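For reference, the structure is listed below as structure tokens.
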Amino acid sequence: MRFASILLAAALAVAPAFASGGEKKPSGASLGGEDTTVELPMLVAPVTVNDRLYHYAYMRVMLDAKDSATVEIARNKVPYIMDAMLRELHRASIALNGNPEEIDGEGLKTRLLAIANATIGEGSFKSLKFRDTIQTDDPALNAAAAASEPPQDPEPAAPDAAPAH
């Protein structure tokens with residue numbers, strides 16, 4: 001069920017890109033007048049530590065392509081880039097040093113840039129930056145809730161015997 005909700009969130013994030021006919025170019029172009037920015041739809045990433053979900057981070061990824069030809073290729077392959085990035089975000093935690101209150105921004109940039117380059121072609125993108133990163137829920141509240149949870153029994157209790165018919 002959790003996987004289905006993640007897929008739904010990803011589909012909803014990608015849907016506006018298709019409805020508008022593709023990604024819109026940001027207003028700022030590089031010095032040569034050539035726009036090399038590819039802005040991806042919002043990504044949703046779980047913030048987990050030791051396989052426990054604390055909250056979600058929403059982030060918009062901006063890729064700097066090597067040239068305008070790569071920009072066009074990438075814009076046509078946004079769903080593939082998004083799919084690869086979502087798989088990477090769910091593969092390993094994005095928390096910094098096991099702390100759910102902090103996101104490993106630099107490590108995440110490295111991971112996602114490698115994924116984007118692997119999807120389109122090695123050397124396609126020069127850099128990656130984040131815009132509009134938002135963390136949902138309050139990690140402090142999650143920690144307080146975890147501290148107040150009763151300890152789990154290591155062994156489940158035996159079921160009661162069913163009455164004989």
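The values are calculated or read from the model by the stated rules, or taken from the named source; none is laboratory data. Only a predicted model underlies this, so the values are computations on that prediction, with no experimental measurement involved. Because the Cβ atoms are built from the backbone with ideal geometry, glycine has one as well, and the counts that use them run over all protein chains shown.
Of all residues in the range 37-48 being in a strand (DSSP E or B), of a type in the set (A, V, I, L, M, F, W, C) and more than 13 Å from I115 (Cβ to Cβ), which is farthest from the chain's Cα centre (by Cα)?
So the residue we want is V38.
Under 8 Å by Cβ, and 6 or more places apart or on different chains, what pairs join a residue from the range 99-128 that is without any contact (Cβ under 8 Å) to a residue 12 or more places away in the chain with one that is surrounded by fewer than 14 Cβ atoms within 10 Å (Cβ to Cβ) and small (G, A, S)?
What qualifies is N117/G123.
Just checking: which of the strands (runs of 3 or more DSSP E) contained wholly in the range 49-139 hold 1 or more residues that are in contact with a Pro (Cβ under 6 Å, 6 or more places away or on another chain) and surrounded by 13 or more Cβ atoms within 10 Å (Cβ to Cβ)?
Fully inside the range 49-139 and qualifying: 52-65, 99-103.
Which residues, counting only those in the range 84-139, are more than 12 Å from M59 (Cβ to Cβ) and β-branched (V, I, T)?
Those that are more than 12 Å from M59 (Cβ to Cβ) and β-branched (V, I, T): T110, I115, T119, I120.
Look through E102, E155, E149 and report the one residue that is modelled with pLDDT of 55 or more and among the charged types (D, E, K, R).
E102
Might you let me know whether the range 70-79 holds any residue that is over 16 Å from T37 (Cα atoms) and free of Cβ contacts under 8 Å to residues at least 24 places away in the same chain?
no
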